[in-house]
Amino acid sequence: MPLKKIILLSIICLCIKGSFGQHKLQEHLDSLSAFKVQYYYEQRKDVLYGPDTSIRNLEEYNFVQREEAEYHNLGNVGNEAYSIMLQPLRAPGFSNGLHQFDLYWINLKDIKYYTLKRPFSELTMNIGLRQELNFRGSHSQNIGKNFNFGFYFNRLQAKGYYQRQQTIDNNISLYGNYLTKNQKFRTIVAFVLNSFKTQQNGGVKNDFINDPDKSPFTKELLDVNLENANSNYRDMFAKLNQAYEIGYKYDQVVDDTLTVKKYQPLCSINYEFGIGRNRFNYVDKSTTIDSNYYQPFFYRDKDILTSNDTLSHSLRYARITNQVSFEFLGYKKVKGSAGKPINLMAGASLIHENYELTQNFYEKTFNNLSVKGYFRSNELANKKWNYLASAQFFLSGYNLGDIDVRGGIDYNFKKAGKLYLNGIWSRQAPSWIENHYHNFSNTWNHQYKKINTIQLNAIYSNLLVHKQAKVFLKASVNYYLINNYIFWNTSSNAVQLGKALNIANASISLDLSYRHMHLDNYIMLQSSNRNDVIQMPKFFAKVSLYYESMVFKKALYASIGVDMRYFSDYYANNYNPLIGQFYLQDQLKMHYLPVLDLFVNMKVKTVRLFLKGNNLLQGIGTKGYYTGYLYPADERSFKFGVTWRFLD
């Protein structure tokens with residue numbers, strides 16, 4: 001994006017004082033609560049959060065680096081990415097099978113609905129070498145007493161270090177929340193847009209990291225597999241939700257001489273209408289299609305390749321949804337006053353979804369009909385224990401017979417910590433692309449069986465404080481039992497296992513601090529009974545050592561330190577851009593050395609900044625490392641970021 005456009009967009013945002021650039025850090029209530037700046041997510045209106053004002057992990061700006069299990073991408077910020085900790089479960093319902101951009105994706109459930117007394121906004125800009133720019137922001141405010149609106153935007157653009165590696169990611173969300181004067185009718189409109197435009201280079205042709213004879217004079221001239229290939233993935237969805245809230249009126253005493261009429265909702269009847277479009281398009285316009293690159297995947301006849309100078313794949317669908325639901329809001333009627341929160345909330349829904357799908361020349365229409373219900377605890381009841389149970393069953397359509405059952409309970413032992421126990425049983429139809437592929441040169445219709453998954457999860461956390469010393473512990477264990485698991489083999493074809501797959505992973509976070517010194521540790525272990533099917537690092541560790549304190553006569557809050565991370569050796573995934581899938585490879589095992597980053601995080605009033613040096617050990621004993629098969633990781637570089645918050 002040209003500098004003039006960046007400056008102009010910044011001025012516009014500052015004029016409306018709207019911006020938001022929330023890092024995915026731990027969200028907590030802080031001093032902003034004095035201005036009643038809080039937000040909630042639509043699925044849990046009873047849980048309020050406050051904007052994060054800490055500087056902890058502020059340097060982890062690039063999405064793939066995070067507090068816990070990280071991601072590997074195709075070597076550039078904003079590229080397709082996959083988690084190094086296997087996450088086999090997906091949301092219930094239809095899936096096209098394209099999840100390469102899930103890391104950057106925003107959904108309707110991710111929208112933050114604000115409750116505030118004055119406008120709140122935030123602006124963030126992160127800048128790196130090689131024309132790397134991440135610019136994002138958001139704004140929320142009230143118009144009158146009954147209407148609140150907000151928006152969020154994110155633009156990520158990076159050229160990359162190698163040929164044809166540019167990424168352009170855009171995310172937008174909007175919402176409006178209107179409550180009538182009598183507080184009985186509520187209308188919510190919301191919209192999300194996700195757009196990802198990436199140049200595809202297919203990785204470098206030569207393994208220059210492990211072979212000293214193939215070291216390039218400059219990385220920009222290093223040969224890549226694809227010379228004129230691009231992918232464009234775009235999704236948009238809008239919804240209208242109308243609710244009638246059933247309850248009672250009461251008089252609220254403000255002072256000795258003033259009372260005001262209030263309305264206490266007890267339950268609600270909701271209708272929701274949604275409409276959206278999803279489109280994936282891949283095109284290789286090379287004058288000569290590289291048969292060595294594409295032939296092993298999908299083309300049986302080499303003559304087909306030589307007779308075409310364009311190779312493409314298009315998968316798109318339109319979706320219309322209608323949903324009717326009833327909810328009990330977790331309050332008991334109290335005569336003459338506000339309702340008393342009780343530890344029960346419940347709801348039931350009937351959902352219809354119409355899909356019109358097109359894959360190249362193939363067309364398909366289907367209608368999913370499902371019923372969904374839940375009951376859970378009410379955070380406002382302030383109990384030591386909380387629970388959740390939900391189920392969804394599909395009565396017709398592509399996902400006919402699918403079922404998703406979830407349950408969990410947690411208990412607060414106070415000084416002894418908190419324990420979470422969760423379980424999921426899921427039966428899901430394979431995604432579209434796992435079962436179907438229709439192109440001019442190849443077609444498959446697998447008719448694979450439904451995937452049956454059982455997940456068991458336990459999490460324990462505790463914070464111990466003694467004088468100026470603090471210890472935070474969080475331990476997590478996951479176990480998966482999967483029948484009919486589908487994976488993408490070394491030829492990037494979808495294959496269904498005939499035997500059960502067992503996966504176990506465990507992680508522990510141990511954060512130690514004494515006065516101003518901090519040592520944060522994270523360790524992850526994972527294992528499977530089928531190492532030929534699940535190829536992930538068995539071990540990952542991250543250590544952060546930093547000093548954090550007020551400086552310059554308490555005018556600046558700052559931290560300075562290092563992040564070090566290490567992955568055990570493994571066969572990192574290859575990527576097929578034609579169908580947007582990561583798949584197994586057994587040609588090159590990736591060998592990793594510790595990766596070291598240096599950072600400085602700062603905060604002055606409502607401004608937060610960071611300076612970071614990435615991958616500083618590159619060139620000292622290693623030329624780098626791969627995060628995908630022949631996709632080199634980000635080079636040694638320096639980054640800068642600033643976040644500015646407004647309350648007016």
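The values are calculated or read from the model by the stated rules, or taken from the named source; none is laboratory data. Fair warning: this is a prediction, and the values are worked out from it, not measured in the lab. Heads up, the Cβs are rebuilt from the backbone with ideal geometry, glycines too, and the neighbour counts pull from every protein chain shown. Side chains are part of the model used for accessible areas, which takes the heavy atoms of the whole protein and leaves out ligands, DNA and RNA. Shrake-Rupley method; radii C 1.70, N 1.55, O 1.52, S 1.80 Å.
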Quick one: count up the residues across region 414-461 that are open to solvent by less than 20 Å² (accessible area, probe 1.4 Å), farther than 18 Å from TRP488 by Cβ and of a type in the set (S, T, N, Q). 1
Looking at (1) open to solvent by 80 Å² or more (accessible area, probe 1.4 Å); (2) among the basic types (Lys, Arg); (3) over 30 Å from PHE280 (Cα atoms); (4) part of a strand (DSSP E or B), which is the only condition ARG406 fails? (1)
Residue set ASN142, ASN79, ASN134; condition part of a strand (DSSP E or B), open to solvent by less than 40 Å² (accessible area, probe 1.4 Å) and polar (S, T, N, Q); output residue ASN134
Could you check, for region 352-369, whether at least one of its residues is under 26 Å from the mean Cα position of the chain (by Cα) and among the β-branched types (Val, Ile, Thr)? no
If we ask which residues in region 181-192 are open to solvent by less than 30 Å² (accessible area, probe 1.4 Å) and β-branched (Val, Ile, Thr), their number turns out to be 2
Checked region 466-476 for anything exposed (fewer than 15 other Cβ atoms within 10 Å of the Cβ) and at pLDDT 95 or above; matches are ALA469, VAL471
Just a yes or no: is a residue in region 358-380 open to solvent by less than 20 Å² (accessible area, probe 1.4 Å), touching a Phe, Trp or Tyr at 6+ places or on another chain (Cβ under 9 Å) and farther than 28 Å from PHE237 by Cα? yes
Screening TYR178, TYR162, TYR152 for residues that are in contact (Cβ under 8 Å) with a residue 24 or more places away in the chain and open to solvent by 60 Å² or more (accessible area, probe 1.4 Å) leaves only TYR178
Given the criteria modelled with pLDDT of 95 or more, open to solvent by 80 Å² or more (accessible area, probe 1.4 Å) and closer than 24 Å to HIS436 by Cβ, does ARG316 qualify? yes
Sole exception among (1) open to solvent by 20 Å² or more (accessible area, probe 1.4 Å); (2) under 30 Å from ASN615 (Cα atoms); (3) modelled with pLDDT of 90 or more for LYS24, by number: (3)
All-but-one check, ASP586 against (1) over 27 Å from ILE127 (Cβ atoms); (2) in contact (Cβ under 8 Å) with a residue 60 or more places away in the chain; (3) open to solvent by less than 60 Å² (accessible area, probe 1.4 Å); (4) not aliphatic (A, V, I, L, M), failing number (3)
In region 477-509, residues that are assigned to a strand (DSSP E or B) and open to solvent by less than 60 Å² (accessible area, probe 1.4 Å) total 18
Filter region 381-398 down to the residues that are among the hydrophobic types (A, V, I, L, M, F, W, C) and surrounded by 19 or more Cβ atoms within 10 Å (Cβ to Cβ) and list them by number. PHE394
Among the residues of region 50-100, which ones are of a type in the set (S, T, N, Q) and either farther than 24 Å from VAL533 by Cβ or touching a residue at least 24 places away in the same chain (Cβ under 8 Å) (or both)? THR53, SER54, ASN57, ASN62, GLN65, ASN73, ASN76, ASN79, SER95, ASN96, GLN100
Return the only residue of ALA558, ALA541 being more than 26 Å from VAL642 (Cα to Cα) and of a type in the set (A, V, I, L, M). ALA541
Residue pairs within 7 Å by beta carbon, gap of at least six or interchain, first lying in region 389-404 and within 15 Å of ALA91 (Cα to Cα) and of a type in the set (Ser, Thr, Tyr), second in a strand (DSSP E or B) and open to solvent by 40 Å² or more (accessible area, probe 1.4 Å), listed first then second, are SER390/TYR374; SER390/ARG406
Residues in region 527-581 that are open to solvent by 40 Å² or more (accessible area, probe 1.4 Å) and among the charged types (D, E, K, R): how many? 6
Within region 64-80, can you find the residues that are of a type outside the set (Val, Ile, Thr) and either touching a Cys at 6+ places or on another chain (Cβ under 7 Å) or closer than 15 Å to ARG565 by Cα (or both)? GLN65, ARG66, GLU67, GLU68, ALA69, GLU70, TYR71, HIS72
Return the residue satisfying two criteria in turn: it lies in region 591-648 and is β-branched (Val, Ile, Thr) and buried (at least 21 other Cβ atoms within 10 Å of the Cβ), and of such residues it is nearest to ASN76 (Cα to Cα). THR627
